[in-house]
Amino acid sequence: MDFQAGEILCFNKPLGWTSFKLVNDVRFSLCRGLKMKKLKVGHAGTLDPLATGVMIVCTGRATKRIEEFQYQTKEYVATMELGATTPSFDMEKPIDKTYDYSHVTEALVRETLQGFVGTIEQVPPSFSACKIQGKRAYEYAREGEAIDLKPKTLVIDEIELTDYQEASSDRRPRITVRVVCSKGTYIRALARDIGEALHCGAYLTALERTRVGDYRLSDCLDIVAFRQEYLGRLTPSLDNNQRIIS
């Protein structure tokens, strides 16, 4: 493989890793293992640290194709807990409010989800990388400063309920959905909006990106195996917060 000329690699991003850590890990492994002084490496489509799944990494001159991959259709599998919300719309922040969910049924969820298919307007999460006056939205949010994020137009091609778990004595109801969508879709914000439509609140408990364009999870490399291939015995093992989720 010629990484300077340009290669397109597909990884399953580990739970707890930022997208930038994955890119840096790939760059370090290649430069150290192949004794290269420098190498341009970039990724197409950021994933939150609490998400796993398909991440396309481009090297060398192939980094010119990053925008092309960013605009390709993406598929996610998302699990959401109903009856509660968090400020970040996922598990990064603790639950701040709880709601009655006694009226929620599987039939109501299926009917509600269909209202999100097509072209929709979505307000990005406050805890996001959206830039406002040169500053990331999450920076304002972490400082406790209220910001006005404008809605963005995006497309949900498909949304399908794949699992419905009723509430138990120690857990609120949970749903798992498969979502096929356009660039710029925040699945955390979709969880928020689904919760609002159901009148019971919701937040994301797990997220996996299963496809970007024609690249699927089955095409993905394991970053640990990749690192070992180029670094051999120099490779450090992952700690408990950096494990691969299969």
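Read-outs throughout are calculated quantities, based only on the coordinates presented, and are distinct from any laboratory measurement. In this text the structure is predicted, and so the values were computed from the model without any measurement. Here Cβ is always computed from backbone atoms with ideal geometry, including for glycine, and neighbour counts include all displayed protein chains.
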**Complete:** Going from the fewest other Cβ atoms within 10 Å to the most, one would list SER88, SER182, SER102, SER29 as SER102, SER182, SER29, SER88
**Message:** Need the C-alpha centroid separation for region 172-203 versus region 25-74, integer Å.
**Reply:** 28 Å
**Asked** Mind listing the phi-derived Karplus ³J(HN,Hα) values for region 74-91, rounded to whole Hz, using 6.51, -1.76 and 1.60 with θ = phi - 60°, and x for any glycine or proline?
**Response** 10, 10, 10, 10, 10, 10, 10, 9, 8, x, 7, 9, 10, x, 9, 6, 9, 8
